[in-house]
Amino acid sequence: MTTDALHLTPELVENPVGAYADLRSRPGLGHVVLPGLDTPVRLVTRHEDVKAALTEPRLVRDRSTVADSEMPDPQAELLASGLEGIPEEYVQYLSGHLALFDGDEHTRRRSPLTRAFTARRVAALRPFVEKTARELIETLADREQADLLGEFAYPLSTAVICALVGVDAADQDKVCGWIRDFAYGDGSRVLEGLGGVVEYTKDLVARRRTEPTDDLVSALLADGGMTDDEIVTVFFLLINTGITPPALFLAHAVLALLDHPDQLEKLRAEPELLARAVPELLRHVTLVRMGATLYATEDFVFAGAQLKKGEAVTVALFAADHDPAAYDIPERLDVTREFGRGDGHLAFGHGPHYCIGAALGRLVTGVVFEELLVRRSAAPELAVDRADVQFGHWPGDGFHLLSLPVRL
């Protein structure tokens, strides 16, 4: 199987008109090896097929439910590298990700979070997001150079998640420091950050049980659908999905606008275009390039390919959001682009695993674009040559910014 698999590089994964265009043109589903991995997987790249895969009941997330399968497993390879060196007592909090469950178990774990993650709770965060964004911008505005990712997007996303969960104001600097060490620091204090967050969240759950407030932890306790350990796991779910991806998206979206100055100028001249620009940038960037691994529960034909029981399938969300069959000139950033019903893109996924935090992501993005790009007298400028902007990559995914030096 591996002999004819296409080995994707981070550069190919990042290029919507490169390898993806070739894969989309091929019949069926090709075998590929994702960047940094060794295990082949069937890759779904066409928009229509990606949506179908994300709602196909014969493609599941939990491989343990597929009996008697010895097919190669890229997800196991990826998880093993991510959990390497993590103490056993903490593994449960990192391996209980909602994306890895299906059916009734997924519903049991997701439903309390969905009930607690109300539109009112998200909307109530707007003043906090606005205040935090303005303060961060003011702090960085007089600097000759500022890192929009490390000094703005990450701190903002971290503060928002802390406020949502219910971290007490007096503890936020300490907890945000642990989150930074665990999620996006230099790697030297990952275990200290992990331990700090776990123990703090356990204590927070105990305190909120006797003294509830209007926060997510209190709402989950009142709902009664989760154990204490599962609530701790929720905090890590929010750290892993609600901090790094949104922070990277904000930086990549700003870079995309700087790469398309005509679109930035149009947005600044017509702020009402924000309602279209946010989904268009979500589509254009599609920060999570690859979805979770899916496994065939039986032998069946999908998207023109004969799948074997236990065979691994991955959806390329970035490819789907740049499919010319779904979008007119998809590689073009167009802040006036109109979408039909729904999101108009797959950046938040589709189907039962659609991103719980999508509404919060849209709120934060809208606030940031308004405060950073529209309200200010001058737009941000790159503080280095475009060729000197630094990128890195994670196993199984594409390029991501390491920093974004700008002048505000």
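The values are calculated or read from the model by the stated rules, or taken from the named source; none is laboratory data. If you're wondering where the values come from, they're calculated on a predicted model, not measured in any experiment. Cβ atoms come from the backbone with ideal geometry, glycine included; neighbour counts cover every protein chain shown.
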- Task: Kindly state which helices (runs of 4 or more DSSP H) lie completely within segment 146-236 and contain at least 2 residues that are surrounded by fewer than 16 Cβ atoms within 10 Å (Cβ to Cβ).
- Result: 172-183, 190-210, 216-223
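This table checks each residue for (1) at pLDDT below 95; (2) touching a Leu at 6+ places or on another chain (Cβ under 7 Å); (3) among the small types (G, A, S); (4) in a helix (DSSP H, G or I).
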residue	(1), (2), (3), (4)
D334	no, no, no, no
E338	yes, no, no, no
G344	yes, no, yes, no
P352	yes, no, no, yes
I356	yes, yes, no, no
A359	yes, no, yes, yes
R362	yes, no, no, yes
L373	yes, yes, no, yes
R376	yes, no, no, no
- Item | segment 379-395 residues that are under 23 Å from P245 (Cβ atoms) and surrounded by 18 or more Cβ atoms within 10 Å (Cβ to Cβ), paired with ones that are of a type in the set (V, I, T) and at pLDDT 90 or above (beta carbon under 9 Å, 6 or more apart) | P380/V254; P380/V406; L382/V389; L382/V406
- Task: Within segment 127-182, track down each residue that is under 22 Å from the mean Cα position of the chain (by Cα), among the acidic types (D, E) and within 20 Å of L373 (Cβ to Cβ).
- Result: E130, D147, E151
- Item | Count - residues of segment 66-100 that are modelled with pLDDT of 75 or more, closer than 19 Å to D229 by Cβ and within 19 Å of the chain's Cα centre (by Cα) | 4
- Just one listed residue, out of L23, L43, L37, L79, is in contact (Cβ under 8 Å) with a residue 60 or more places away in the chain, more than 23 Å from D323 (Cβ to Cβ) and aliphatic (A, V, I, L, M), and it is L37
- Message: Give me the residue from segment 1-19 that is loosely packed, with under 14 Cβ neighbours inside 10 Å and hydroxyl-bearing (S, T, Y) and, out of that set, modelled with the lowest pLDDT.
- Response: T2
- With D215, D223 as the choices, which residue is among the acidic types (D, E) and within 25 Å of the chain's Cα centre (by Cα)? D215
- Query: Do the conditions hold for G310, that is, is it modelled with pLDDT under 95, touching a strand residue (DSSP E or B) at 6+ places or on another chain (Cβ under 7 Å), under 30 Å from T65 (Cα atoms) and not in a loop (DSSP other than H, G, I, E, B)?
  - Reply: no
- Hey, among the residues in segment 336-369 that are aromatic (F, W, Y) and touching a residue at least 12 places away in the same chain (Cβ under 8 Å), which one's nearest to F236 (Cα to Cα)? F348
